[in-house]
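Trainee: If you scroll down you'll find the structure; I have some questions about it.
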Amino acid sequence: MIKVIGFYSTEFGEIWDKSLTALIADATLGALADAKIEKEKIDAVFFANMLSGVLENNLMLPARISEVLGTHKPVFRTEAACASGAIAFHLAKNWLMANPGKTALVVGAEKLTDYSPEEVTAGLAAAASGEEQAAGLTFPGLYAMMAQVYMQKYKYTEENLAYVSHKNHYHGTLNPKAHFRRPVTIDQVLKSAYVAYPLKVLDSSPISDGASAVIVTSDESLAKRSSHAVSVLASETATDSISLKGRTRLDGIEATQIAADLAFSAAKLGRGDIDVAEVHDSFSIAELFAMEDLGFWKKGSAGSQIRDLATMIGKGGKLTVNTSGGLKAGGHPVGATGVKQIGEIYLQLTNQADRRQLKKVKYGLTHNVGGSGGVAVVTILGT
Amino acid sequence: MIGIVSYGFYVPKFRIKIDDIASVWGKNPEDIKRSLVINEKAVAGLDEDSLTMGFEASSMALSGLKIDRNDIGSVLFGSETPPYSVNPASTILGEFLGIGNNYLASDTQFACKAATGAIITTIGQIASGATSLGLVCGSDKANAATHDALEYTAASGSVALLLGQENLILEILGFHSYSSDTPDFWRREGIRYPSHGGRFTGKPSYFRHIKEATSKVLEKTKLVPSDFAHAIFHMPNGKFPREIAREMGFSESQIETSLVVSMLGNSYTASALMGLASVLEVAKPGQLILMSSYGSGAGSDSFVFRVTKNIDSRRREFKKSILKKEYIDYSTYLKFMNII
Amino acid sequence: MISPTKIWRRQKTTVKQLGLTGTVVTWTKIFVPSSEYTSLAPFTVVLVELENKDKAFGQLVDFDIKDLKIGMRVKSVLRRVREVEREDVIPYGIKFRPTSA
């Protein structure tokens with residue numbers, strides 16, 4: 001069994017005094033310390049990042065990581081837009097399954113705030129098809145287009161979406177590493193400026209810097225010595241066309257559905273077994289899609305179910321969602337996000353989540369999406 | 001007989017009122033409107049240029065025709081505001097229209113008469129047997145320096161004509177060109193806005209050239225002004241065409257259908273042709289039409305057309321179509337014209 | 001600068017999509033654009049199912065806001081599609097206009 005034995009994340013947000021390499025170093029050294037292992041113990045590194053090549057003309061990061069770690073071990077880089085982090089974790093898990101007795105570092109990082117919002121928007125739009133980009137579509141624009149279809153089909157309004165931000169911002173107030181640690185009311189969400197109609201500033205995850213790292217191992221004796229170890233029960237990924245043009249439906253994300261089915265069957269668990277989930281709420285609408293496509297809620301019902309706020313901390317629901325604040329309040333340093341999601345579930349399952357700690361959690365799930373739904377990764381962890 | 005097989009036009013949706021321009025510069029709008037006889041002008045959007053408008057007009061000209069586009073052996077694009085200084089718009093037009101590759105592409109330039117000159121070139125090509133069909137497009141997103149007199153009139157629009165020998169809507173009974181070196185309006189390389197000679201653009205320029213070209217074509221065709229159902233003169237404003245018409249013995253009723261300038265402004269290369277598009281909406285088979293263009297620099301091309309019975313099947317709705325409009329304010333106008 | 005070769009290649013697709021009518025599948029209005037689209041913003045983008053069943057993306061132009069809805073009928077037109085430097089090749093492409101306009 002592959003186990004996660006350590007996690008560390010930098011703060012997410014506007015981290016003016018740290019470069020990408022410095023962020024990677026902080027997360028890496030933090031995770032090693034958390035797992036109480038020496039860097040020599042790392043046999044391979046899986047690194048996730050999206051935009052360093054586009055924005056910073058900064059590639060060949062594996063060699064930079066070699067410099068940080070002072071190691072000659074293999075370093076692999078993944079890029080799947082916002083799903084880069086979970087893909088790195090997925091590959092680490094597979095690598096460990098093929099290599100018993102080894103330990104891997106999964107680190108995701110992104111440095112965005114050195115650039116103007118227009119430059120970052122243009123960079124993120126690289127995760128859209130050429131035709132979508134040529135039409136002037138941005139990343140929020142693609143989700144907005146899907147939101148339009150969903151809202152029209154199931155007769156929801158912008159207010160239904162606003163509950164996602166309201167909930168996740170509350171969770172952000174409980175997470176000292178969240179980009180936003182202030183609550184927002186439904187009214188504030190509704191009154192915020194449009195980014196891409198019908199999505200507004202407060203429906204959208206922010207442009208954040210940050211890095212997160214987890215230590216994963218197939219070394220059973222090492223896992224046994226760890227005071228905090230959780231098992232990786234499943235990590236599955238599915239893909240779809242990069243363009244919305246090629247999707248069979250626009251009222252959700254089919255790749256999520258496929259990855260979720262694979263993951264639940266691999267973990268031999270049912271939807272009702274999950275106590276805590278970190279789902280991909282890059283935009284408010286995305287959490288509604290996630291809840292339906294992961295199979296937690298019936299298709300078309302998320303818009304009304306979210307209003308009950310049953311997935312909010314303290315509401316006593318069986319399933320609590322995005323305790324970290326999600327991407328919305330927690331922040332979204334693209335490459336780091338998928339790794340942070342794993343880390344948040346790790347904290348919850350090992351009782352290290354401080355003020356946002358849930359009671360009696362046994363199984364947790366993460367859901368990470370790349371592009372407008374071209375890649376989805378579902379990971380299930382258990383104690 | 002060589003003539004016009006079909007036509008198309010394009011007027012962008014946006015309009016700016018002369019009042020709005022005049023008030024920015026502290027002018028009395030009524031004075032301007034009275035002296036130029038113009039109320040508003042058409043303005044192309046930020047994402048439009050002479051080529052995109054030319055494509056619209058040309059698409060209309062080619063729509064509904066039973067022709068093989070590969071038979072169009074000539075595409076001439078006349079403009080005072082082509083998208084490039086170097087790189088032809090005629091090939092871009094031909095490409096997007098799907099005309100194939102076996103055609104002569106050429107961009108022409110002669111202030112506001114670049115397209116009427118291209119009509120004469122095309123007549124020559126058809127007469128020589130070089131091609132059976134030729135497309136001519138006149139298109140401009142005319143710009144003027146702010147606070148220049150031209151700012152009240154310089155407008156956007158496009159007209160395209162398909163010339164051929166069969167199945168004509170207009171037969172060309174005669175034409176004449178009159179040219180001289182008269183620098184009344186010019187723009188040098190790298191300079192954004194045209195300059196002009198003020199009142200020099202009048203008598204020795206517009207009036208002299210149109211009068212000479214028109215007189216000669218009447219002489220050649222042995223016709224007199226009263227023979228024509230419609231006359232069209234280039235429209236730099238609403239005043240000049242009325243004056244030249246009067247001077248040459250044409251009545252107000254002969255020119256009034258063509259006087260679209262008061263609603264659309266002066267779309268430069270497309271200006272006289274836009275008058276023709278307006279006339280063709282009502283022209284009846286057998287009627288004679290006179291059209292005289294003017295291009296600064298200077299020259300005038302004058303044509304005599306006879307309407308055939310085919311017009312009834314290829315008429316385009318004009319009057320109603322230009323009523324679909326949206327008014328913009330002066331700052332939006334500056335944005336659309338890429339001035340700010 | 002967008003490579004002129006790229007523009008040239010894309011024109012082959014554009015030609016086939018011009019002048020077709022279709023139906024709006026979904027739309028959005030972009031308020032925060034990418035850097036090459038700032039002067040056009042805010043602008044509306046539609047996903048259209050064309051008469052030949054192909055789908056295409058494009059900005060919507062010359063429309064009345066009250067007509068804007070999923071299912072509206074549009075026609076593809078030629079426009080400049082993105083801002084480029086004055087030295088660059090001009091990228092022309094598809095936009096859509098209501099058939100009623």
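The values are calculated or read from the model by the stated rules, or taken from the named source; none is laboratory data. The structure presented is a predicted model; accordingly, all values stated were derived computationally and were not measured. Here Cβ is always computed from backbone atoms with ideal geometry, including for glycine, and neighbour counts include all displayed protein chains. Areas reflect the complete protein model, heavy atoms only, side chains present, ligands, DNA and RNA absent. Shrake-Rupley method; radii C 1.70, N 1.55, O 1.52, S 1.80 Å.
Trainee: Restricting to segment B:292-340, name every residue that is aromatic (F, W, Y) and open to solvent by less than 70 Å² (accessible area, probe 1.4 Å).
Mentor: B:Y294, B:F303, B:F305, B:F318, B:Y330, B:Y333, B:F336, listed by residue number.
Trainee: Run B:Q287 past the list (1) in contact (Cβ under 8 Å) with a residue 60 or more places away in the chain; (2) closer than 26 Å to B:S313 by Cβ; (3) open to solvent by 10 Å² or more (accessible area, probe 1.4 Å) and report the number of the one that doesn't hold.
Mentor: Answer for B:Q287: the failing condition is (1).
Trainee: Tally up the residues in segment A:224-238 that are open to solvent by less than 10 Å² (accessible area, probe 1.4 Å), touching a Lys or Arg at 6+ places or on another chain (Cβ under 6 Å) and of a type outside the set (S, T, N, Q), please.
Mentor: Looking only at that region, the number is 1.
Trainee: Name the residues in segment A:35-67 that are surrounded by fewer than 21 Cβ atoms within 10 Å (Cβ to Cβ) and closer than 26 Å to A:T350 by Cβ, would you?
Mentor: A:K36, A:E38, A:K39, A:E40, A:K41, A:D43, A:A44
Trainee: Working only within segment B:208-233, note down all residues that are surrounded by fewer than 16 Cβ atoms within 10 Å (Cβ to Cβ) and part of a helix (DSSP H, G or I).
Mentor: Once the filter is applied, which keeps residues that are surrounded by fewer than 16 Cβ atoms within 10 Å (Cβ to Cβ) and part of a helix (DSSP H, G or I), segment B:208-233 yields B:S215, B:E219, B:K220, B:P225, B:S226, B:D227.
Trainee: Moving on. Among the listed residues B:G238, B:G202, identify the single one that is modelled with pLDDT under 95 and either within 22 Å of the chain's Cα centre (by Cα) or buried (at least 22 other Cβ atoms within 10 Å of the Cβ) (or both).
Mentor: B:G202
Trainee: Where in segment A:287-350 are there helices (runs of 4 or more DSSP H), lying fully within it, with 3 or more residues that are within 27 Å of A:E159 (Cβ to Cβ)?
Mentor: A:302-305, A:326-330
Trainee: Still on this model: I'd like to know if segment B:19-37 contains one or more residues that are of a type in the set (A, V, I, L, M) and more than 15 Å from B:G265 (Cα to Cα).
Mentor: yes
Trainee: Determine which member of the set C:K53, C:K66, C:K75 is open to solvent by 60 Å² or more (accessible area, probe 1.4 Å), more than 8 Å from chain A (Cβ to nearest Cβ), at negative phi and not in a strand (DSSP E or B).
Mentor: C:K66
Trainee: Filter segment A:97-141 for residues that are among the small types (G, A, S) and more than 9 Å from chain C (Cβ to nearest Cβ); which is farthest from the chain's Cα centre (by Cα)?
Mentor: Checked segment A:97-141; the qualifying residue farthest from the chain's Cα centre (by Cα) is A:G101.
Trainee: Pairs only if they're at least six apart or on different chains, beta carbon under 8 angstrom, first in segment B:154-178 and under 24 Å from B:S215 (Cα atoms), second among the aromatic types (F, W, Y) and open to solvent by less than 20 Å² (accessible area, probe 1.4 Å); list them, first residue then second.
Mentor: Here the result reads B:L170/B:F305; B:E171/B:F305; B:I172/B:F303; B:I172/B:F305; B:L173/B:F305; B:G174/B:F303; B:F175/B:F303, each pair linking segment B:154-178 to a residue that is among the aromatic types (F, W, Y) and open to solvent by less than 20 Å² (accessible area, probe 1.4 Å).
Trainee: Let me ask something else. What is the number of the single condition among (1) facing another protein chain (nearest Cβ under 9 Å); (2) touching a helix residue (DSSP H, G or I) at 6+ places or on another chain (Cβ under 9 Å) that C:A41 does not meet?
Mentor: Single failed check for C:A41: (2).
Trainee: To continue, here is another question. Write out, first by first residue and then by second, each pair whose Cβ atoms fall under 6 Å of each other, whose residues are 6+ apart or on separate chains, and whose first residue, in segment C:8-25, is assigned to a helix (DSSP H, G or I) while the second is open to solvent by 30 Å² or more (accessible area, probe 1.4 Å).
Mentor: Short answer, once both residue conditions are applied: C:V15/B:G98.
Trainee: What number of residues within segment C:14-38 are facing another protein chain (nearest Cβ under 8 Å) and open to solvent by less than 30 Å² (accessible area, probe 1.4 Å)?
Mentor: Selection size over segment C:14-38: 8.
Trainee: Filter segment A:202-214 down to residues that are of a type in the set (A, V, I, L, M) and in contact with a strand residue (DSSP E or B) (Cβ under 6 Å, 6 or more places away or on another chain) and give me whichever is surrounded by the most Cβ atoms within 10 Å (Cβ to Cβ).
Mentor: Restricting to residues being of a type in the set (A, V, I, L, M) and in contact with a strand residue (DSSP E or B) (Cβ under 6 Å, 6 or more places away or on another chain), the top hit is A:A211.
Trainee: Yes or no: segment B:247-258 includes at least one residue that is closer than 27 Å to B:H196 by Cβ, in contact with a helix residue (DSSP H, G or I) (Cβ under 7 Å, 6 or more places away or on another chain), surrounded by fewer than 24 Cβ atoms within 10 Å (Cβ to Cβ) and touching a residue at least 60 places away in the same chain (Cβ under 8 Å).
Mentor: no
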